[in-house]
1. Return yes or no: is GLU135 under 21 Å from ASP165 (Cα atoms), out of contact with any strand residue (DSSP E or B) (no Cβ under 7 Å at 6 or more places or on another chain) and either among the charged types (D, E, K, R) or in the same structural domain as MET171 (by the TED database) (or both)?
2. Is one or more of the residues making up segment 67-77 exposed (fewer than 15 other Cβ atoms within 10 Å of the Cβ), closer than 18 Å to SER96 by Cβ and either assigned by the TED database to the domain that holds MET140 or without any contact (Cβ under 8 Å) to a residue 24 or more places away in the chain (or both)?
3. Pairs, please: C-beta under 6 Å, at least 6 apart or cross-chain, first residue more than 14 Å from TRP118 (Cβ to Cβ) and in segment 181-196, second assigned to a loop (DSSP other than H, G, I, E, B)?
4. Of the conditions (1) open to solvent by 20 Å² or more (accessible area, probe 1.4 Å); (2) at pLDDT 90 or above; (3) over 23 Å from ASP114 (Cα atoms), LYS39 fails just one. Which one is it?
5. So how many residues does segment 122-142 have that are touching a Ser or Thr at 6+ places or on another chain (Cβ under 9 Å), on the phi < 0 side of the Ramachandran plot and open to solvent by 10 Å² or more (accessible area, probe 1.4 Å)?
6. Could you tell me which numbered condition ASP128 fails, if it satisfies all but one of (1) assigned to a helix (DSSP H, G or I); (2) under 23 Å from ASN175 (Cβ atoms)?
Amino acid sequence: SKQVLGHALWSIVEDGELSTVCYRPEGLDRLVQQTKFSKKELQVLYRGFKNECPSGVVNEETFKSIYSQFFPQGDSSMYAHFLFEAFDTQNNGSVSFEDFVISLSIILRGSITDKLNWAFNLYDINKDGCITREEMTEIMHSIYDMMGKYTYPHMKDSAPKEHVDSFFQKMDKNNDGVVTMDEFLETCQKDENIMQSMHMFDNVI
């Protein structure tokens, strides 16, 4: 595995991308501390990441093109935009390998609370600490657009609105029109269906 890492580093140096040589062994050791991945898993993930993104970072366009391959029957660009913003923790318009594996570690191996925090952050589009009806409506429309009309031909146009209404009915405990992190966590942790869907990610990697 040292040899694999050596090759990865050598290709970075050859590409002239000296700025991304932060994946030397101590960089990996730091990521082992920060994530729930082993060193070997991180090396495999890094190889794949470098293969897909030779520059060492992913921009929003790359994210959109990856998602359009997964969901060819719909328009996934808006959902990919929201997801990209959730991965872009530095808020600098690009997702580095570190950003990528830290989020991936939460989604796949984080505690239930970690996962719910991450999901809340995805829905909180302007990152002000609460989810509004407008934000939830945008997210819902982006998900229905991504799934495409062909997947759900019987889906009524009112479906996203109904979804948002039921979300707020469940979550907005004090009826102030916004859902806070506390309301979100409390409701989700009491909801068996949501908890089941959170566990589905556990065995992906």
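The values are calculated or read from the model by the stated rules, or taken from the named source; none is laboratory data. Keep in mind that what you see is a predicted model, and the values were worked out from it rather than measured. Glycine gets a Cβ as well: all are built from the backbone with ideal geometry, and neighbour counts include every protein chain shown. Only protein heavy atoms, including side chains, enter the accessible area calculation; ligands, DNA and RNA are left aside. Shrake-Rupley method; radii C 1.70, N 1.55, O 1.52, S 1.80 Å.
1. So GLU135 fits the description; yes.
2. No, that holds for no residue.
3. So the pair list comes out as GLU183/LYS173.
4. (3)
5. So the count comes out to 3.
6. (1)
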